[in-house]
1. Is there a residue in the stretch 16-29 that is under 11 Å from the mean Cα position of the chain (by Cα), modelled with pLDDT under 95 and of a type in the set (Val, Ile, Thr)?
2. Please go through the stretch 19-77 and give me each residue that is over 16 Å from Lys2 (Cα atoms), among the β-branched types (Val, Ile, Thr) and assigned to a helix (DSSP H, G or I), ordered by number.
3. Going by the structure shown, is Ile28 in contact (Cβ under 8 Å) with a residue 12 or more places away in the chain and crowded, with 18+ Cβ neighbours inside 10 Å?
4. Contact list please: Cβ distance under 6 Å, first residue in the stretch 54-70 and crowded, with 17+ Cβ neighbours inside 10 Å, second residue in a helix (DSSP H, G or I), pairs at least six apart or on different chains.
5. Anything in the stretch 31-49 that is among the hydroxyl-bearing types (Ser, Thr, Tyr) and surrounded by 19 or more Cβ atoms within 10 Å (Cβ to Cβ)? List them, or say none.
Amino acid sequence: MKQIELYGWEIGMKKISFIKYLNANLNISLIEAKEIETSILDGKNYFLQLPDNISSEDVINNLKTLGVKSKESYGTPIASTEKQFYKVV
């Protein structure tokens, strides 16, 4: 499994499009997608674990067009209130 880290946002972030992208392309519920969006806007890092059939490069590029800063992440995320983890199935 691949993992990406959502670590920030840019001015003009397309919040609704971001939530819809997570829902439609990564099968994350709208409620959970909204929680991820809120966490990123609050300055918290968020980790998404992707199955092998989803390209992390494509996800990162799509998130960039939506104004979300992300990168491939290696290793195990540290459990804390500043970092959250979500496994995409």
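1. Yes, some residue in the stretch 16-29 is under 11 Å from the mean Cα position of the chain (by Cα), modelled with pLDDT under 95 and of a type in the set (Val, Ile, Thr).
2. Of everything in the stretch 19-77, those that are over 16 Å from Lys2 (Cα atoms), among the β-branched types (Val, Ile, Thr) and assigned to a helix (DSSP H, G or I) turn out to be Ile19, Ile31, Ile36, Thr38, Ile40, Thr65.
3. In short, yes.
4. Pairs found: Leu66/Ser17; Leu66/Phe18; Val68/Phe18; Ser70/Ile60; Ser70/Leu63.
5. Hit for the stretch 31-49 is Tyr46, nothing else.
The values are calculated or read from the model by the stated rules, or taken from the named source; none is laboratory data. Quick caveat: nothing in here was measured; it's all calculated off a predicted structure. Because the Cβ atoms are built from the backbone with ideal geometry, glycine has one as well, and the counts that use them run over all protein chains shown.
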